[in-house]
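Here the structure is laid out as structure tokens; the discussion comes afterwards.
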Amino acid sequence: MADTLKDIPEFFETELGESIIARTDALGTFRELGPPDLCHIIKTNAKPGVREIGSYHYVSGVDASSSATLAAYLNSLTYSMDENQSWFTKSNAWRIRSGIYCCFNAFSRVDVRVEVKIPGGVESYYVDVRGERHEATSSIWQETYLSAVLRAILYSDDSYYRLAGYRKVDPITSLTAEQKFLEAVESLFFKGWQLGSKPEIQTATVVHNHLTSGVMKYFSDSFRYGPAIELFEKLQKKDPEIGALLAEAYIGQNEEIKAVQILYEDLKLVPMSYSLLHVQVDFLRSKGEYEMALKLAKFAVNTTPSEFMTWAKLTDVYIDLGDYQSALLTLNSCPMFTYSERDMHRMPAPAKTHLPIKTEIASSGVMEEDTVGRENEADPNLLRLPAPALHGTFAKAYALLTRLATRIGWDDLLKCRSHVFVMEEEYRMQKAKEEERKTSFSHSSIHQATTTTANDTSDETSATTAPQQNGEQQNDEKNEETTNSSEIKESTNDDELAEKLEDVNLDEEDNTPLKASDTTTSPPPAAADVPKMEDTSLERPRQAAEDPKSDDKEARVKEDVNFSFGNKRLCERWLDNLFMVLYEDLRIYTFWRTEAAHYRAQQMPYRKTGTEWELLGDLALRLWHEDEAKEAFEQCLDYKFSAKAWIKLLEIYAKGGNVERALLAAVKLTVYHERWYHEIVYPTEIACNLNKLIRTEGLSKMQNVLTSMNLPQAVQKLMRRYFDYGELFKVEGYEL
């Protein structure tokens, strides 16, 4: 007899109710939006002596505006009990006896719960961090509803929020539901800062927080800024800083004159707002007015020097202007923050897991399972690259550094680095000179003191004086050395990055080449013909506080060089580490391109495993080489299914206006997401990229191309949902 739900994931408990207890215990650990909703059900069997069982799944997008809507979701599960039961044993069938729906209220930091007994009544309450129950008020329900919608919007495609058995449904399915969302946003807007913000924002504000991020993502992914403009116009009257969001929405709607007027008026009222200044900076950059943008970006740094974003924006403008030394110095000044993981709670290990595949998806012939075996293997050189492990401010800073490297090249970047930062060799030279000078001064002082004392006192007294003074001098030198060491080691928040670099062997001898795939059918070239890693001529950067390793350095230390630190800065350790991360990326990338060119010249097939191609595509994107990334991702898909490769290619195809290829990518991703219970249509990356094409190509052309693909009926139906959304919400291009 089946005890599972049809088409819905389930984790079965070992002890009845253990998932609810685990969630209650974790309530105090949630810092921002909180975890997805938890739906827990208890099933019973009519047959005597059969033990009740508890199961649960995660879900987002369910309407959490009242106890009735959550109870409706729990009741809907009764129709999802697996029908594969013998017709003559109906009396012994499993049925759902009760259920609890848990939804975290991110404003008040409480867990709202609705308990349904079938048949029976509905009970609603909320649980605080101490585990105590309270009656849910109307204000609590409104906060809970908005928290649930924001999680559904912001977690819809979050690559850092991977969770098995996580069902996602559409949070907003009609214009009426959208209006309800806007009303809740307007009511709670000025509490938005309580929800936290993106990891690169240190202090959440009325403009920078998860609430505003959710609103902007929802409307910008469909390029429908009208409702957002109406909302922000009302709110701007209460706080002129909201003009930053209003101006951004006007620019998105191609009403730039109105945006400039808003910025002009609001900056007169709050001239110190970096949010308003940054919108103006981005607008000026889009028009090529970099000098004007520079003045505003500098002013934004002066007004808010504690925020990473102000320094990062100034770095971007310096790169635009070609002032690379200033860009590097500015990047070095960025305040870095430790990345916080998304809110999630640990559950006890389930007794069993049920992850069913919908029948129509399994029989469509379109679904591709993740490949197992050789195609999932990869060269260790690729697997251990540290850059993919960067998050938050470190990831943003690395993107700026790679942009800088793309503009001027690796060699010139290293020269630029040595011009603006104190390098280890220079520091040691200066340190040695200072010590030599102090030592000679110490010897002359001791000699004078000894001579003077000998004339006035006995030999015994003079014999004790010199060691005492010499000891004092040594203490002074030790103190100075400690001071200098602390200066050169000064850094901010680099422990996390250092840990991520632990597994990377950065020794100069580490020149192991990236191996060609063993699947090649042609004989390998002669050993002398295979390019070596060192053939790439990529200079390895020197890290700060690195010990000298050659006699040549020791000899140069003694040279009489007039050197001053006055015009140089100390490089922050985290930035020094990012140079090593970039070196590793460039080393592997350069070898890949060199090796590929060599195989082409030899007219030999160049092969990698599917996973290696996926990693190389990622690498090329990090280094701003889109064409090479596209090539690698397409090669990856020849060997295995990769959701990451498809989503990156969807972006590239949509950007290039390739309708057929973009729709193929959207089909593959939609079927894959449907298999893993991501039933959400909007907002998603798929919908956003299809909306870009609808704007440029028109909805009717998109529909015609989809029809011409002759997809199975079930898949056609899934794909039509994106176009139905475009028609219902009147996405730009829907009438074409």
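Since every read-out is calculated from the coordinates, none of them should be taken as a lab result. It should be emphasised that the depicted structure is a prediction, and the values quoted were computed from it without experimental measurement. Every residue, glycine among them, receives a Cβ derived from its backbone with ideal geometry; neighbour counts consider all protein chains shown.
Which net charge results when you count Lys and Arg as +1 and Asp and Glu as -1 among the other residues whose beta-carbon is under 11 Å from that of ASP221?
+1
By average Cβ neighbour count within 10 Å, what is the ranking of 581-588, 20-27, 245-252 from highest down?
Ranking the peptides 581-588, 20-27, 245-252 by packing returns 245-252, 581-588, 20-27.
In Å and from the alpha-carbon atoms only, list the Rg and Dmax of the stretch 569-659.
15.5, 51
Taking N as the number of residues in the stretch 584-736, what is its Cα Rg relative to 2.2 N^0.38 Å?
1.18
Using alpha-carbon pairs under 8 Å, 6+ residues apart, how would you state the relative contact order of the stretch 95-229 in percent?
17 percent
Kindly state, to the nearest 0.05, the FRET efficiency for ALA164 paired with GLN703, given R0 = 41 Å and r defined as their beta-carbon distance.
0.75
Set the bar at 21 Å for Cα to Cα. Now go through LYS217/LYS238; LYS168/LYS358; LYS198/LYS396 and name every pair that lies beyond it.
From the list (LYS217/LYS238; LYS168/LYS358; LYS198/LYS396), the Cα-Cα distance tops 21 Å for LYS217/LYS238.
Mind jotting down a quarter of the surface of the convex hull over the alpha carbons of the stretch 211-356, in square nanometres, one decimal?
Answer in nm², one decimal: 13.3.
When you count, for each residue, the other Cβ atoms within 10 Å and take the mean per peptide, how do 190-201, 348-359, 205-216 rank with the highest first?
Ranked from most to least packed, the peptides come out as 205-216, 190-201, 348-359.
Rounded, prolate or oblate for the stretch 211-257? Axes are the square roots of the Cα gyration tensor eigenvalues, ordered a ≥ b ≥ c, and the cut-off for rounded is a/c under 1.5.
Verdict is oblate for the stretch 211-257.
What number comes out for the charge environment of GLU341, summing +1 per Lys or Arg and -1 per Asp or Glu over other residues with Cβ under 11 Å away?
Taking every Cβ under 11 Å from that of GLU341, the sum is 0.
Kirkwood hydrodynamic radius, the stretch 143-247, all distinct C-alpha pairs: what's the number in Å?
This gives a value of 14.4 Å.
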